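A.B. asks: Pasting a structure here, questions to come.
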């Protein structure tokens, strides 16, 4: 355990150095969600009505969770890039824990994401979003967002190690942009057709977005919503716990045998 902590900290430092030499990643992490908030909020906001609240207030938690879900794309590209360029092969020859590389990458991504969400939250407050339920509930909402990001990063790491190709990871990663669109991150699901509503409400992003809105004191989900959305906090924890139990061992195992 001590070796894992030490090795993971070393990999964390490596990833932060990577960002230091490529600051565009951090800038993009901060500016893209803000651009989407302003675009969706002011271009589409007048045409989208959310019962009981302003659309921009509804949108901000969804964008926070959508940003977290984009960890699939980030983790996939970084893992595929290191595999494609032979970095993983060199790291694998070192006397270190096999879990240290993905753990360090996930920790670095979590730290960068936390910093990147601060400007989005501030702009959200400026355009009308409010946290009505107090500081403890707000911390709980933040914890769920970061748990979602951690889960998404591990999924992406496994997929990146599986593809081992920057081009394939880039193409597959861009497809993950559709995941928030098939959820309640941007629009309520209660007006969707029956089958599409079922798909959207069983999307893990919907559970986490509903949980963040609920913890922030916004409107509660509809009574006839699917179980993960009707019980958003429990649904979020169940989805993230299940996905971590599946993809953490898969990513570590794939890293250990990726060269064979």
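A.B. asks: When only alpha-carbon atoms count, how far does the chain stretch along each of its three principal axes, as whole angstroms with the largest first?
C.D. replies: 58, 36, 35 Å, listed from the longest principal axis down.
A.B. asks: For the chain, modelled as a GNM with alpha-carbon contacts under 10 angstrom, which of 213, 164, 18 fluctuates the most?
C.D. replies: 18
A.B. asks: Jot down the radius of gyration and Dmax of region 52-101, Cα atoms only, both in angstrom.
C.D. replies: Cα only, region 52-101: 18.2, 58 Å (Rg, Dmax).
A.B. asks: Can you give the helix-only mean residue ellipticity at 222 nm for the chain, where every DSSP H stretch with n ≥ 4 adds -39500 (n - 2.57) and the sum goes over all residues, rounded to the nearest 500 deg cm²/dmol?
C.D. replies: -24000 deg cm²/dmol
Computed from the coordinates by the stated procedures, all read-outs in this text should not be read as laboratory data. A quick note: this is a predicted structure, and the numbers were derived from the prediction, not measured.
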